[in-house]
Amino acid sequence: MQERSDFAPETGSSLSVQEYLDILRRRRAIILQTFLLVLVAGTVVTGFQAPVYRATASLLVTPPSYVINSVSTDPLAALFQIGSTYSPNTQVEMLQRGEVRGDVAKALNVKALPVVKVSVREGTSIIDVAVEGENRDLVANTANKFVEVYID
């Protein structure tokens with residue numbers, strides 16, 4: 001009599017659903033142990049991680065308006081307007097400079113700021129200042145202080 005191995009492929013036939021269920025039934029202890037090991041490991045790792053807080057402050061930046069004659073009845077007045085190419089990305093660069101970061105750190109009386117990301121919302125003149133860190137109060141204050149320092 002020849003013993004049948006679970007790993008030996010049979011030529012020309014496929015396993016039926018009953019045979020799959022039989023394999024799972026015989027291996028249920030290994031499957032359950034693996035599941036419990038992964039569950040416990042995930043719970044322990046998650047329990048030891050510090051929470052990460054995120055705060056976002058938004059800033060609407062409008063381009064400066066240079067108009068020589070604001071009450072215009074003259075159609076040629078538009079020719080005397082000073083044209084400017086305005087890009088919110090320029091303002092983002094200003095916010096990311098070390099001077100602004102230094103002023104914010106000094107105002108908050110801290111040596112190191114949390115992670116700060118400054119970006120422009122697509123197709124708008126709105127700038128978002130997103131701050132992430134482990135200290136909830138510092139994160140919220142940093143986002144607000146970036147906007148205040150920029151406005152000043």
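What is the gain in length, in nm to one decimal, between Asp137 and Val52 on full extension, counting 0.36 nm per residue of separation less the C-alpha to C-alpha distance?
The span from Asp137 to Val52 would gain 29.4 nm if fully extended.
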(request) Note the full-extension length gain between Leu60 and Ala105 as 0.36 nm times their separation in residues minus their Cα-Cα distance, in nm to one decimal. (result) 13.9 nm
(request) Counting other Cβ atoms within 10 Å, keep those with at most 13, restrict to DSSP loop, and tell me which GluC sites (Glu not before Pro) in the stretch 101-146 are left. (result) Glu122, Glu134
(request) Give me the distance in nm between label points sitting 7 Å out from Cα along the Cα-to-Cβ direction at Thr43 and Asn89, one decimal. (result) 5.0
(request) Extending each Cα 7 Å along its Cβ direction at Lys117 and Ala29, get the distance between those two points in nm, one decimal. (result) 4.8
(message) Within 10 Å of each candidate Cβ there may be at most 14 other Cβ atoms; applying that plus a DSSP loop requirement, which trypsin sites (Lys or Arg not before Pro) in the stretch 99-152 survive?
(response) Lys111, Arg121
(message) What distance in nm lies between label points placed 7 Å from Cα along the C-beta direction at Asp128 and Ser16?
(response) 5.7
(message) Order Asp22, Asp152, Asp128, Asp103 by their accessible area, 1.4 angstrom probe, all chains in place, largest first.
(response) Asp152, Asp103, Asp22, Asp128
(request) Could you pull out the chymotrypsin sites (Phe, Trp or Tyr not before Pro) across the stretch 81-152 that fall in loop regions by DSSP (anything but H, G, I, E, B) with no more than 10 other Cβ atoms inside 10 Å? (result) none
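The values are calculated or read from the model by the stated rules, or taken from the named source; none is laboratory data. Treat the numbers as computed from the prediction; the structure is a model and nothing was measured. Note that each Cβ is placed from the backbone with ideal geometry, even for glycine, and that neighbours are counted across all protein chains shown. Protein only, heavy atoms only, side chains kept; ligands, DNA and RNA dropped before computing areas. Shrake-Rupley method; radii C 1.70, N 1.55, O 1.52, S 1.80 Å.
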